[in-house]
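Beneath this line is the structure, given in structure tokens, with notes to follow.
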Amino acid sequence: MPTENSEHYRVILLYPERDLLQSGWLIGKKYLSLKAAMIKADYGQGKVILFGFRLQHRAQTHGNFKLLFKTFIQ
């Protein structure tokens, strides 16, 4: 939803509309569907990357670590 501050952030990654999980179970998937999973926001003279999930959690895939390490490069 556009707001007066919309030019200060950009959605990088959205949760999909359906099939959020490859396996396991999820409570409240209706709240995640098509919502931002990662946002890049202006902060002062710099940028901040905001993650909507626990990127460093022990059960995350190796692909998630790439997201973490690439944030340091940008």
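Residue-wise test of (1) surrounded by 10 or more Cβ atoms within 10 Å (Cβ to Cβ); (2) without any contact (Cβ under 8 Å) to a residue 24 or more places away in the chain; (3) out of contact with any Asp or Glu (no Cβ under 8 Å at 6 or more places or on another chain).
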site	(1), (2), (3)
T3	no, yes, yes
Y9	yes, no, no
I12	yes, no, yes
P16	yes, yes, yes
M38	yes, no, yes
Quiz item: Which of the residues belonging to segment 1-26 are over 21 Å from I49 (Cβ atoms) and at pLDDT 85 or above?
Solution: E17
Quiz item: Which numbered condition trips up K47, out of (1) among the basic types (K, R); (2) surrounded by 13 or more Cβ atoms within 10 Å (Cβ to Cβ); (3) at pLDDT below 85?
Solution: (3)
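The values are calculated or read from the model by the stated rules, or taken from the named source; none is laboratory data. Note that the coordinates shown come from a computational prediction; the quantities given were computed from them, not determined experimentally. Cβ: placed from backbone, ideal geometry, glycine included. Neighbour counts: every protein chain shown.
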